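A short write-up of the structure that comes next.
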Amino acid sequence: MLVEKLKTILSGVNPEINTETITEETKLVGDLGLDSLNMMLLAVQVEDEFGFRFDDMPTFETVGDLCRYIDNKTSGSAGAR
């Protein structure tokens, strides 16, 4: 499940995040307090984990937004883990 993988990535980006409460509705900035540096680290980790590169840096409001983006980028891809 993408949310579970993202919880692991998010805990690496910011170890102070309580990943137990993260759902698809969790807001990356508002609820998790991610700043621009955290967002860049998150993007790099997501790219490495899921084997794609962001074409440009889209703005994600929630964990669910990021999950849907990853799903769209990796669906049918042999590189998706």
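The values are calculated or read from the model by the stated rules, or taken from the named source; none is laboratory data. Because the structure is a prediction, the values reported are computed rather than measured. For neighbour counting, all protein chains shown are included, and Cβ atoms are generated from backbone atoms with ideal geometry for every residue, glycine included. These accessible areas exclude ligands, DNA and RNA; they are computed on the full protein's heavy atoms, side chains included. Shrake-Rupley method; radii C 1.70, N 1.55, O 1.52, S 1.80 Å.
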Pull out all pairs, ordered by first then second residue, where Cβ-Cβ is under 6 Å, the residues are six or more apart or on different chains, the first lies in segment 27-44 and is surrounded by 15 or more Cβ atoms within 10 Å (Cβ to Cβ), and the second is in a helix (DSSP H, G or I). N38/V13; L41/V13; L42/V13
Could you identify the single residue in E24, E20, E16, E4 that is open to solvent by 30 Å² or more (accessible area, probe 1.4 Å) and in contact (Cβ under 8 Å) with a residue 12 or more places away in the chain? E24
